[in-house]
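The values are calculated or read from the model by the stated rules, or taken from the named source; none is laboratory data. Being a predicted model, the structure only gives us computed values, none of them experimental. When we count neighbours, we look across all protein chains shown, and the Cβ atoms used for this are built from the backbone with ideal geometry, even at glycine. Please note that ligands, DNA and RNA were not included when accessible areas were found on the heavy atoms of the full protein model with its side chains. Shrake-Rupley method; radii C 1.70, N 1.55, O 1.52, S 1.80 Å.
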Amino acid sequence: MSLTTADRQALADLVARYAANVDQRSAGSALALFTDDAVLGVPAPPDELGPTSFLEGPDIAVAMQVVERYPMTKHEIVGQLFDETEDPHTATGRISCIAHHLRRNSAGELEDLIWHLTYADTYRESGGTWRYARREITIDWIERRTPRRWRIAEA
């Protein structure tokens, strides 16, 4: 079965809401985007760039709390592809993202830790709502930049 335009729009909205909820530190809202039996695969940078831990169900909220160590983040969705599967209630996606993590480094200087990453997603539709059934995060590369200023510069 082919994904409809409405399905593709709903999946794009799901991806955007995840990024916004993480940036806004809304772990509960982000968790609500996952099915009850969902799995989230997360890396352990800088040593491991592919998924090394797999969190299930409510434990997914723990991964959201890791972001709180950064005073500010910004997830930029730079590409998204959605594909249908044989099951009309599931779809897959490959999402490209640039995730900025602003912080003070060990010398007290402003630093933007940038992860260029890919999400490998499986989505499930139930009752007209698409949610994440599985999301695996792979960091493709990491870079650091020095921002001149940030909104919460006193952090």
Quiz prompt | Amide H within-cut-off set for L3, under 5 Å, with H built and near neighbours excluded | solution = E84
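Largest first, what is the accessible-area ranking of W130, W115, W141 with a 1.4 Å probe? Spell out each step's value before the answer.
Numbers: W130 20, W115 45, W141 135 Å².
Highest to lowest solvent-accessible surface, that is W141, W115, W130.
Charges only on Cβ, +1 for Lys and Arg, -1 for Asp and Glu: so what's the dipole of segment 54-155 about the Cα centre, in debye to the nearest 20? Walk me through the intermediate numbers first.
Details: 14 positive and 17 negative charges, 134 e Å.
Result for segment 54-155 is approximately 640 debye, rounded to the nearest 20.
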Self-check item: For q = 0.18 Å⁻¹, Debye-computed log10 I/I(0) when each Cα of the chain counts as one equal scatterer
Solution: -1.09
Self-check item: Where the chain is the region considered: accessible area per residue in Å², 1.4 Å probe
Solution: 56
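With runs of 4+ DSSP H residues as the only contributors, calculate the mean residue ellipticity of the chain at 222 nm using -39,500 (n - 2.57) per run, divided by the residue total and rounded to the nearest 500.
Only helices count here, giving -6000 deg cm²/dmol.
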Quiz prompt | Gaussian network model of the chain, springs between alpha carbon atoms under 10 Å - residue of R25, R144, R135 with greatest fluctuation | solution = R144
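Once you keep just the Cα pairs under 8 angstrom separated by 6 or more residues, what percentage relative contact order results for segment 1-94? Please list the in-between numbers first.
Numbers: 100 pairs, mean separation 28.4, N = 94.
For segment 1-94, the relative contact order is 30 percent.
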Practice problem: Calculate, axis by axis, the spread of Cα positions in segment 17-87 along the three principal axes, and write the results as whole Å, longest axis first. | Solution: 42, 24, 24
Quiz item: So how tilted is helix 5-23 from the main axis of the chain? Cα-based, degrees 0 to 90, rounded to 10.
Solution: 30
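Over all directions, the average projected area of the alpha-carbon convex hull for segment 74-145 comes to how many nm²? Write down the numbers at each step before the final one.
Details: hull surface 23.4 nm².
Projected area, direction-averaged: 5.9 nm².
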Quiz item: Given R₀ = 41 Å, FRET efficiency for H89-S53 by Cβ-Cβ distance, to 0.05?
Solution: 0.90
